[in-house]
Structure formats: C-alpha cells, structure tokens
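The values are calculated or read from the model by the stated rules, or taken from the named source; none is laboratory data. All figures in this text were calculated on a predicted structure; none of them were measured in a lab. Note: ideal-geometry Cβ built from the backbone for every residue, glycine included; neighbour counts use all protein chains shown.
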Amino acid sequence: MQQQLSWQFHKISFLLEKTADEALKRQLGIGFAQYKVLEAVNHNTLARQNTVAEMLDQTEASISRQVRILEKKGLINITDVMGNRRAKELSLTTVGDEMVRNAGETIEVAQAKFFTNVSRNDQQRLLIMFENMLNSAKEN
C-alpha cells in the first residue's frame, strides 16, 4: 500500500510542478524553481541564501544559480552581509514583489484542474494530512 501511495504522490507532485512551470514560463517568463526562491524570500525578508536553501531543501549552489537569474531579471536584490563577504541577504524588488503575486495567481489557475473533483473540505483535509506528514518526516 505505501509503495502505491508513494508512487501516486510522486506522479501528482510531478504533474503539479510541471503544470506550474509551464504556465509560469509561458505567462511570466520565470520557471517554478525561480518562483519558489521568490516565494521563500517574500516570506523571509533579508533571508540569506543558505536559509532559502534550507527552506526549499535544496543546495546553496542551486539557490545561488536561481538568485543570479532573478537578479538579472530585476526581481531580487542581493546585498553582502557586513563582516562576511560570502553571506548574501536577499530581498524582493518592487517588480519581484508584483511577480510573486502574479505567479501565485498563475499557478492557482493552472493547477485548478487537479482539484475540480475535490471538495473544499477534502482539500483542507489533504492540506492538514500533508502538513502532518511533512512534520513527521522532518522529525525523523
């Protein structure tokens, strides 16, 4: 049972991410990986790159690549941390802030088809179950 459940989670996760990535690229010119970084910075103003990497369970190198792309697009500011040239603080530009809002709406519309046959109550229960699963996984 767990193997089938894991496989279904993998498939739905892959399709949700692929749908989001395609919609974001088509409509806003950013990918889902870049959106995740923008969203992490949006929730943690002046977050450091290593903090964003931890939040997204990714390497600092992969976050660094996305941050450079986002900076070139004018969506994110990178500032050195005083006394530590290697540490970088990240913040959204005004355009980046607007991009996060637009991207969230774009993803919601693009992924709506996945939830057409799932009631609001079931969606809420799924959210709670996933949060519980993530918390359990982090504890172990």
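Summary of computed values
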item: Selection status of residue 89, at pLDDT below 90 and within 26 Å of residue 138 (Cα to Cα); result: yes
item: Set 26, 48: member being charged (D, E, K, R) and at pLDDT below 95; result: 48
item: Search result, residues across segment 82-114 that are touching a helix residue (DSSP H, G or I) at 6+ places or on another chain (Cβ under 6 Å) and not in a helix (DSSP H, G or I); result: 88, 90, 92
item: Any hit, segment 110-125, residues being touching a residue at least 40 places away in the same chain (Cβ under 8 Å), loosely packed, with under 12 Cβ neighbours inside 10 Å and among the hydrophobic types (A, V, I, L, M, F, W, C); result: no
item: Per-region count, segment 34-66, residues small (Gly, Ala, Ser) and under 11 Å from residue 88 (Cβ atoms); result: 2
item: Positions within segment 77-109 being β-branched (Val, Ile, Thr), surrounded by 14 or more Cβ atoms within 10 Å (Cβ to Cβ) and over 28 Å from residue 15 (Cβ atoms), in sequence order; result: 78, 93
item: Residue count, segment 40-81 (criterion: of a type in the set (S, T, N, Q), farther than 18 Å from residue 24 by Cβ and touching a helix residue (DSSP H, G or I) at 6+ places or on another chain (Cβ under 9 Å)); result: 7
item: Residue in segment 62-81 that is part of a loop (DSSP other than H, G, I, E, B), modelled with pLDDT under 95 and of a type outside the set (D, E, K, R) present; result: no
item: Residue within segment 126-135 that is farther than 27 Å from residue 30 by Cα and surrounded by 12 or more Cβ atoms within 10 Å (Cβ to Cβ) present; result: yes
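The rows are residues; the columns are (1) more than 22 Å from residue 130 (Cβ to Cβ); (2) hydrophobic (A, V, I, L, M, F, W, C); (3) in contact (Cβ under 8 Å) with a residue 60 or more places away in the chain; (4) surrounded by fewer than 16 Cβ atoms within 10 Å (Cβ to Cβ).
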| position | (1), (2), (3), (4) |
| --- | --- |
| 13 | no, no, no, yes |
| 23 | no, yes, yes, no |
| 30 | yes, yes, yes, no |
| 40 | no, yes, no, no |
| 43 | no, no, no, yes |
| 47 | yes, yes, no, no |
| 50 | yes, no, no, yes |
| 53 | no, yes, no, no |
| 68 | yes, no, no, yes |
